[in-house]
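Note sheet for the following structure.
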Amino acid sequence: MKSNQLKLGVLLSYASMVLNMVVQLVYTPVMIRLLGQSEYGLYTLVGSVVSYLSLFSLGFTGAYLRFYSRYAQKGDRTGVARLNGMFLALFLCMSAAAIVCGMTLSQFTPQLFGSNLTPAELSKAKILMQILVINVALTFPSSVFDSIVSAHEQFLFQRVLQLAGVAFNPLICLPLLLMGHGSVAVVGVTTAITIAKLATNIWFCRFKIHAPFEFRHFNFSLLKEIGAFSFFLFLNMIIDQVNWSVDKFILGRVAGTIQVAIYGVATQFNSMYQTFATAISSVFAPRVNRMVAEQTPDSDKEVSDLLVRVGRLQYIISLYIFIGFLFAGRQFVMWWAGNEYEASYLVAIWLLSPMVIILPHSLGIEIRRAKNRHQLASVIMFGTAVFNVAISIPLAHIWGAAGAAFGTWLGLLVNTVI
């Protein structure tokens, strides 16, 4: 049964990925044109700033599978129930903290976004922030239930839910945009879909897989162990935010919403690229954690063989896509987003090229976490992320979006290759 779930998970991952790419290729350019370059840049800028609230999870999300595997391998249902209860209680507290922090920040949009935004843009930024803060806060408890579904390897349900979310977003947003509603309507729909997915996940965990929850007997020693493990995952979260979001904030401060929009279009291609190349590895995380937890004499070899098989396929896929974009990307970007986004092609090249090397190792990241050997890599990556920020600020002043992307490229190159 689990083998069938895994196969279906891979197939549906690609189905979700294809649908997501179709949506982005068809719906996103329509949204860009209906919003206009300035409002699309504002929408992208606010989204990148609010995404920093996800750091309130402190890396605990990535720790669940490892500790669940420990109890599940022993058949300890009480331990699983206490683990579930502890994670849900913690993430509800994190959700509340994110709301307080986000709503407070929304009162200081002029200080946050700087003088390059007009009064009208600052007013709309405040509304967008408040809606997106609620959306991010809801993702905290949702991630707990999503982790439980992953741990039970219920990939069929998980991927169907993802497909539904991807499909309904443009189906609801597009009519609203055509009616004249702007970015506020878009983030409102996104938040409504997040609520629906959370409710569906709760129902599935409670009534289909009967996930146990116990909120008594809070295990502080286990919490301390999870905290020590998660600290370096938290560093990874900071690194991801720096590498993929801080450039937009820097550009918003020094160059305005137009440069943010150019960078935002490039990140759309980067997002599709990463999704396509990691669709296979994403469903193997529970299996890796289980293989490591079992600690059989052949587990190291089995994990290594799995990394090689998956990594080889990811490398072939990612390399072919990059070569295709390298030769045909400029014309495609201009046709897709408009002639005013021609500069997005160069930005996308800077962002995509290091991923050819990084993406085939994505399953290796899960292996490091499962073996609790991710600390050194996290420290090194944090150092290169700081280097990325330091070099991107002056480059963004000089060359705008292309300069910021070059700083990210240099940071990733130092970290991954050298």
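The values are calculated or read from the model by the stated rules, or taken from the named source; none is laboratory data. The model shown is predicted, which means the values in this text are computed figures rather than measured ones. Because the Cβ atoms are built from the backbone with ideal geometry, glycine has one as well, and the counts that use them run over all protein chains shown. Accessible surface areas use protein heavy atoms only, side chains included; no ligands, DNA or RNA. Shrake-Rupley method; radii C 1.70, N 1.55, O 1.52, S 1.80 Å.
Helix-only arithmetic for the chain: the sum of -39500 (n - 2.57) across DSSP H runs with n ≥ 4, divided by the residue total, places the mean residue ellipticity at 222 nm at -28000 deg cm²/dmol.
Hey, could you get me the Stokes-Einstein D for segment 178-317, Kirkwood radius over alpha-carbon pairs, 10 °C and 1.306 mPa s, rounded to whole µm² s⁻¹? The diffusion coefficient I find is 79 µm²/s. Bridging of residue 126 to aspartates and glutamates at a Cα separation below 16 Å is possible for 39, once same-chain residues fewer than 8 apart are set aside.
How much of the accessible area of the chain, probe 1.4 Å, is carbon plus sulfur, in whole percent? The nonpolar share, carbon plus sulfur, comes to 67 percent. Rounded to the nearest 10 degrees, the inclination of helix 375-399 to the longest alpha-carbon principal axis of the chain is 10 degrees. With respect to the chain, whose longest principal axis is taken over its alpha-carbon atoms, helix 183-207 is tilted by about 10°. Put a plus charge on the Cβ of each Lys and Arg, a minus charge on the Cβ of each Asp and Glu, and nothing anywhere else: the dipole of the chain about its Cα centre is then about 860 debye. A Cβ-based charge dipole, computed about the Cα centre of segment 305-418 with Lys and Arg at +1 and Asp and Glu at -1, lands at about 480 debye.
Could you give the length gained on full extension between residue 353 and residue 221, defined as 0.36 nm per residue of separation minus the Cα-Cα distance, in nm?
On the way: separation 132, 0.36 × 132 = 47.52 nm, distance 4.33 nm.
The residue 353-residue 221 span can extend by a further 43.2 nm.
Of 74/301; 208/248; 197/248; 74/224; 74/208; 208/301, which ones are farther than 30 Å apart at the Cα? Over 30 Å Cα-Cα: 208/248; 208/301. Based on protein heavy atoms only, segment 28-142 ends up with 39 Å² per residue of surface accessible to a 1.4 Å probe. Label sites at residue 178 and residue 413, each approximated as a point 7 angstrom past Cα along Cα to Cβ, lie 4.6 nm apart.
Taking every Cα-Cα distance in segment 53-178 and sorting them into 10 Å bins starting at zero, the pair-distance distribution P(r) comes out as 11, 29, 30, 19, 8, 2 percent. Treating the Cα atoms of segment 296-409 as identical point scatterers in vacuum, please give the log10 of the normalised Debye intensity I(q)/I(0) at q = 0.13, 0.14, 0.20 Å⁻¹, two decimals. For segment 296-409, the Cα-only Debye profile gives -0.69, -0.77, -1.11.
Go ahead and run the numbers for FRET between residue 202 and residue 397, Cβ-Cβ distance against an R0 of 56 Å, rounding to 0.05. All intermediate terms of the calculation are to be shown ahead of the outcome.
On the way: r = 47 Å, r/R0 = 0.84.
The value I calculate is 0.75.
Dipole orientation for segment 73-206: of the candidates 73, 129, 174, 73 has the Cα lying most toward the positive pole (charges on Cβ; Lys, Arg +1; Asp, Glu -1). Considering all C-alpha pairs of segment 132-255, those separated by over 17 Å amount to 72%. Helix 119-151 versus the longest principal axis of the chain: what is the Cα-based angle in degrees, 0 to 90, to the nearest 10? Helix 119-151 and the main axis of the chain meet at about 20 degrees. Note on residue 305 and residue 228: the extension gain reaches 24.8 nm, defined as 0.36 nm multiplied by sequence separation minus the Cα-Cα distance.
Taking 0.36 nm per residue of separation and subtracting the current Cα-Cα distance, fully stretching the chain between residue 376 and residue 319 would add 17.7 nm.
Packing-wise, with mean Cβ within 10 Å as the measure, how do 99-106, 381-388 rank, highest first? Please list the in-between numbers first.
Numbers: 99-106: 16.6, 381-388: 18.8.
Result, highest mean first: 381-388, 99-106.
Computed over the alpha-carbon pairs of the chain, the distance histogram in 20 Å steps reads 25, 61, 14, 0 percent, short to long.
Between residue 340 and residue 120, the modelled labels are 1.3 nm apart [label points 7 Å from Cα along Cα→Cβ].
Between residue 111 and residue 27, what is the FRET efficiency for a Förster distance of 41 Å, r being their Cβ-Cβ separation, to the nearest 0.05?
Numbers: r = 34 Å, r/R0 = 0.82.
Efficiency for this residue pair is about 0.75.
Based on the mean of other beta carbon atoms within 10 Å per residue, what is the order of 247-256, 366-375, 150-159, 222-231, most packed first? Each step should come with its number before you reach the end.
Values: 247-256: 23.9, 366-375: 18.6, 150-159: 20.7, 222-231: 15.8.
The most tightly packed comes first, giving 247-256, 150-159, 366-375, 222-231.
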